[in-house]
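Enquirer: If you scroll down you'll find the structure; I have some questions about it.
The values are calculated or read from the model by the stated rules, or taken from the named source; none is laboratory data. Predicted model only: the values in this text are computed from it and were never measured. Methodologically, a virtual Cβ is constructed for each residue, glycine included, from the backbone with ideal geometry; neighbour enumeration extends over all protein chains shown. The protein model used for the area step is the full one, side chains on, heavy atoms only, and it has no ligands, DNA or RNA in it. Shrake-Rupley method; radii C 1.70, N 1.55, O 1.52, S 1.80 Å.
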Amino acid sequence: MQEEQRNMFLAIALSLAVVMLWQFLMMPSAEERAAMEAERAAAEQDAADVGLPVPGADGAAQPLLGSETLVVERDAALRLSPRVPIDTPSVNGSISLAGARIDDLHLLRYRETIDPESPEITLMSPSASQDARYAELGWRPGRGSDTVVPSSTTVWTPIDPGAELTPETPLTLVWSNGEGLTFSRTISIDENYMFQITQAVTNSTNEPVTLHPYGLVARRGEPEGQRFWISYEGPFGYLNGSRRDAGYNKLRENGAREFTSSDGWLGITDKYWMTVLVPPQDSEFVGRFTYRDAPGGEIFQADYIMNARVVPPGGSLAVSSYLFAGAKVVDLIDQYRDGLGVQRFDLAMDWGWFFFLTKPFFWALSYLGRLAGNFGVAILLFTVLVKLVFFPLANKSYESMSKMRKVQPEMEKLRERYKDDKMKQQQELMELYKREKLNPLAGCLPLLIQIPVFFALYQVLFVTIEMRHAPFFGWVRDLSAPDPTTIFNLFGLLPWSSADLASIWLIGPFLTIGVWPLIMGFSMWFQMQLNPPPPDPVQRRLFQLMPIFFTFILANFAAGLVIYWAWNNILSIIQQTVIMKRMGTFENPLGRIKLPAIIRDNLPAWPRGRAAKDKAPAREVNPAPVSETEAAADPFLGEEGEVLTADEEGAGAKKESD
């Protein structure tokens, strides 16, 4: 027993020694804290002099926009205030005891590049840093009140000196205004990205105190990197029953936006990350998006202030809010929407115009990705499913195009016969369509169907973090990024990289054409050759240029999207070829390619009558002029006539004698 008591007293003594040592080394002295608070108060006064004090509920002042004139490196900014560490499976960082701000956060599951050794994503940074992004909650006094409340310069004290914020250990901070009000703030975090902040006030005076709870998320400057119209970035939220946003440029041009709401959320979003405040969902508040050009750089802010709350004499008041700071994981966002009752939290994802397709497509790809273990394979399987859904409609379309191809010679004759009478030509063509039961627009259906599917899939690949850095096979290591190879460095054989080519002024983006864009362009050309050519020469030339145009355009699109389009083209070619062979109209497009004689004579015979390898050499016969109509119908006819082999000439003579 004596041994146990001795061990217990020894443990207590060691614990006290650790606490005292921590306070001595880590906590600032009273003089340092006073100097720090005075310095920050002066900075806050400077901010107030140039800030935007906007009246809020009951005339209370809204949270002011930050305005630190001193901008330093991130590590130096972290050292400006004492901190409490954050450590969870998903994030780490720290909370500043000055202002109790959440302003230091790294996302452990995501890195800046596909290199596993690259830095983790830094989401939050102190207000004094160049890339500042932080969240702050607090109180504002009521109209005409001189009540002293904690500010962004207030240094809070942890109840537990050795505190650390983890999913198992919440953090509680306290501060007294010295006039009878004691403020406390309890911060907890789950295994992912959701903070819960409970603010409490105890009133030991003889008078009621009126306060307004507020919260804000602010950032300095716009995010780096190119932004696209397909994905929104900037201040946004769900307020007063609708999704609201105020882009960076809109805030610069039009100023602040303000909404009154009784539920919802607001914050700032990037393509893959967001910081969002969720006020109590049963109380009215005013949400606001603001901007100002501060001395240290532009500051964008999303904030809210709630209606007045009265703290009775000898009583207390508590308000709980949430802060989401992390990756926009679809399942996680839906889970918070349902579990915490956050109204329309799913609208944090920008599903685009085709949202009715985009989200089902995402679910399908997620399921197939888990099933196949690879999102690239999931895209291939998904494309097959899409083709199966539209199989009957595509079949009818390809049958119609095959019939159009079969009557193409007759159509050309009508156009030649009535080339000077367009009205009569159209009438005869319509009679031909009715007689053969043809629909000239039927061939457009597969393309029209593919457009919304294409854009919906593009949205999924572009905005969902599940697709970010998802590998395929071979050289494609990120399905959400463009194909990293390029034909202009011979796919890596030459000493310059695709990044070097892309940096060339004006023409750089057009020089990064990878393997998959080339496969897509070739498959698109092959498929278009199976269709009947347009009668108008201008249209025909435009259709010939389309595969080249799309190859250049899609070269900078996500590799997953290009793989989808190429694979979809290949499946369409197979389907269309089967139908055309069944109807006797199939003609190998490769046989129309005019190759040099040395190459042509060493290729197998094509269906169009190419010379076989073991046939006699070609010789010219009947170099008579050929009409434009005949040349269009047969691409192997040149301006001076056709080059035939001896066997082909004999076969033609026999056919004429028959």
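Enquirer: State all residues of the range 107-121 that are assigned to a strand (DSSP E or B) and over 18 Å from residue 276 (Cβ atoms); if no residue qualifies, say none.
Expert: Going residue by residue through the range 107-121, those that are assigned to a strand (DSSP E or B) are 107-111, 120-121.
Listed by number, the residues that qualify are 108, 109, 111, 120.
Enquirer: Hey, another quick one. Any residue in the range 264-286 that is under 16 Å from residue 325 (Cα atoms) sitting within a Cβ distance under 7 Å of a residue that is crowded, with 24+ Cβ neighbours inside 10 Å and charged (D, E, K, R)? List the pairs, counting only those 6 or more apart or interchain.
Expert: The qualifying pairs are 268/219; 275/133.
Enquirer: Same structure, new question: Across the range 210-224, what is the total count of residues that are in contact (Cβ under 8 Å) with a residue 40 or more places away in the chain, under 29 Å from residue 481 (Cβ atoms) and open to solvent by 50 Å² or more (accessible area, probe 1.4 Å)?
Expert: To start, the set of residues in the range 210-224 that are in contact (Cβ under 8 Å) with a residue 40 or more places away in the chain comprises 210-223.
Remaining after also requiring under 29 Å from residue 481 (Cβ atoms): 217, 219-223.
Filter again for open to solvent by 50 Å² or more (accessible area, probe 1.4 Å), leaving 222.
Residues that pass the stated criteria total 1.
Enquirer: Which number in (1) under 22 Å from residue 551 (Cβ atoms); (2) aromatic (Phe, Trp, Tyr); (3) modelled with pLDDT of 80 or more marks the one condition that residue 488 misses?
Expert: If we test residue 488 against (1) under 22 Å from residue 551 (Cβ atoms); (2) aromatic (Phe, Trp, Tyr); (3) modelled with pLDDT of 80 or more, just (3) comes out false.
Enquirer: Pull up the range 381-398, narrow it to residues that are modelled with pLDDT of 90 or more and surrounded by fewer than 20 Cβ atoms within 10 Å (Cβ to Cβ), then point me to the one that is nearest to residue 482 (Cα to Cα).
Expert: 381
Enquirer: Any chance the range 68-89 includes a residue that's crowded, with 22+ Cβ neighbours inside 10 Å, acidic (Asp, Glu), at pLDDT below 90 and part of a loop (DSSP other than H, G, I, E, B)?
Expert: Yes; the residues of the range 68-89 include at least one that is crowded, with 22+ Cβ neighbours inside 10 Å, acidic (Asp, Glu), at pLDDT below 90 and part of a loop (DSSP other than H, G, I, E, B).
Enquirer: Further, regarding this structure: Return yes when residue 188 is open to solvent by 10 Å² or more (accessible area, probe 1.4 Å), modelled with pLDDT of 95 or more, of a type in the set (Gly, Ala, Ser) and within 30 Å of residue 328 (Cβ to Cβ) and no when it is not.
Expert: Details: open to solvent by 10 Å² or more (accessible area, probe 1.4 Å): yes; modelled with pLDDT of 95 or more: yes; of a type in the set (Gly, Ala, Ser): yes; within 30 Å of residue 328 (Cβ to Cβ): yes.
So residue 188 passes the test.
Enquirer: Among the listed residues 193, 232, identify the single one that is touching a residue at least 40 places away in the same chain (Cβ under 8 Å), hydroxyl-bearing (Ser, Thr, Tyr) and open to solvent by less than 10 Å² (accessible area, probe 1.4 Å).
Expert: Numbers: 232 fails: open to solvent by less than 10 Å² (accessible area, probe 1.4 Å).
Checking each option against the conditions leaves just 193.
Enquirer: Continuing with the same structure: Residue check, residue 399 against (1) in contact (Cβ under 8 Å) with a residue 60 or more places away in the chain; (2) within 20 Å of residue 568 (Cβ to Cβ); (3) touching a Gly at 6+ places or on another chain (Cβ under 6 Å), all met but one. Which one?
Expert: For residue 399, the exception is condition (3).
Enquirer: On to the next question. Give the residue, chosen from 558, 566, that is within 42 Å of the chain's Cα centre (by Cα), modelled with pLDDT of 90 or more and among the aliphatic types (A, V, I, L, M). Even if it seems obvious, please write down each step before you answer.
Expert: On the way: 558 fails: modelled with pLDDT of 90 or more.
Residue meeting the stated conditions: 566.
Enquirer: On to the next question. Of all residues in the range 525-556, which are open to solvent by 80 Å² or more (accessible area, probe 1.4 Å) and either among the aromatic types (Phe, Trp, Tyr) or not in a helix (DSSP H, G or I) (or both)?
Expert: 543, 549
Enquirer: Out of curiosity, is residue 163 open to solvent by less than 10 Å² (accessible area, probe 1.4 Å) and among the hydrophobic types (A, V, I, L, M, F, W, C)? Don't jump to the end; show me each part of the working.
Expert: On the way: open to solvent by less than 10 Å² (accessible area, probe 1.4 Å): no; among the hydrophobic types (A, V, I, L, M, F, W, C): yes.
Judged against the criteria, residue 163 is not a match.
Enquirer: For the range 84-128, what are the residues that are among the small types (Gly, Ala, Ser) and in contact with an Asp or Glu (Cβ under 7 Å, 6 or more places away or on another chain)? Quick ask: steps written out before the conclusion?
Expert: Our first condition is that a residue be among the small types (Gly, Ala, Ser); within the range 84-128, this holds for 90, 93-94, 96, 98-100, 118, 125, 127-128.
Once the filter is applied, which keeps residues that are among the small types (Gly, Ala, Ser) and in contact with an Asp or Glu (Cβ under 7 Å, 6 or more places away or on another chain), the range 84-128 yields 90, 93, 94, 96, 99, 118, 125, 127, 128.
Enquirer: Same structure, new question: Give the residues of the range 260-296 that are assigned to a strand (DSSP E or B) and open to solvent by 20 Å² or more (accessible area, probe 1.4 Å), sorted by residue number.
Expert: Kept after step one, since they are assigned to a strand (DSSP E or B), are these residues of the range 260-296: 260-261, 264-269, 273-278, 285-294.
Answer for the range 260-296, where residues must be assigned to a strand (DSSP E or B) and open to solvent by 20 Å² or more (accessible area, probe 1.4 Å): 260, 273, 291, 292, 293.
Enquirer: Right, another one. Could you go through the range 106-117 and let me know if any residue there is in contact with a strand residue (DSSP E or B) (Cβ under 9 Å, 6 or more places away or on another chain), open to solvent by less than 30 Å² (accessible area, probe 1.4 Å) and either of a type in the set (A, V, I, L, M) or under 21 Å from residue 317 (Cα atoms) (or both). Steps first, please.
Expert: Let us first name the residues in the range 106-117 that are in contact with a strand residue (DSSP E or B) (Cβ under 9 Å, 6 or more places away or on another chain), namely 106-112, 117.
From what is left, the residues that are open to solvent by less than 30 Å² (accessible area, probe 1.4 Å) are 107.
Then drop every residue that is not either of a type in the set (A, V, I, L, M) or under 21 Å from residue 317 (Cα atoms) (or both), which leaves 107.
Checking the range 106-117: at least one residue is in contact with a strand residue (DSSP E or B) (Cβ under 9 Å, 6 or more places away or on another chain), open to solvent by less than 30 Å² (accessible area, probe 1.4 Å) and either of a type in the set (A, V, I, L, M) or under 21 Å from residue 317 (Cα atoms) (or both).
Enquirer: I'd like the residue in the range 166-185 that is in contact with a Lys or Arg (Cβ under 9 Å, 6 or more places away or on another chain) and in contact (Cβ under 8 Å) with a residue 60 or more places away in the chain and, out of all such residues, is surrounded by the most Cβ atoms within 10 Å (Cβ to Cβ).
Expert: Filtering the range 166-185 down to residues in contact with a Lys or Arg (Cβ under 9 Å, 6 or more places away or on another chain) leaves 171-175.
From what is left, the residues that are in contact (Cβ under 8 Å) with a residue 60 or more places away in the chain are 171, 173.
Working: 171: 23, 173: 21.
Selected residue: 171.
Enquirer: Taking only pairs six or more apart or across chains, which ones have beta-carbon atoms under 8 Å, a first residue in the range 307-320 that is among the hydroxyl-bearing types (Ser, Thr, Tyr), and a second residue that is assigned to a strand (DSSP E or B)?
Expert: These pairs meet every condition: 316/200; 316/201; 316/202; 316/203; 320/196; 320/197; 320/198; 320/199.
Enquirer: Specify which of the listed residues (243, 257) is loosely packed, with under 15 Cβ neighbours inside 10 Å and closer than 23 Å to residue 350 by Cα. Please lay out each step first, then the result.
Expert: Working: 257 fails: loosely packed, with under 15 Cβ neighbours inside 10 Å.
Just a single option satisfies the conditions, and that option is 243.
Enquirer: Take the residues in the range 321-348 that are among the small types (Gly, Ala, Ser) and open to solvent by 20 Å² or more (accessible area, probe 1.4 Å), then tell me which one is nearest to residue 285 (Cα to Cα).
Expert: Our first condition is that a residue be among the small types (Gly, Ala, Ser); within the range 321-348, this holds for 321, 325-327, 339, 341, 348.
Still in the running and open to solvent by 20 Å² or more (accessible area, probe 1.4 Å): 339, 341.
Numbers: 339: 22, 341: 17 Å.
The residue in question is 341.
Enquirer: Please count how many residues of the range 349-375 are more than 22 Å from residue 327 (Cα to Cα), of a type outside the set (A, V, I, L, M) and either open to solvent by 70 Å² or more (accessible area, probe 1.4 Å) or modelled with pLDDT of 90 or more (or both).
Expert: Of the residues in the range 349-375, 2 are more than 22 Å from residue 327 (Cα to Cα), of a type outside the set (A, V, I, L, M) and either open to solvent by 70 Å² or more (accessible area, probe 1.4 Å) or modelled with pLDDT of 90 or more (or both).
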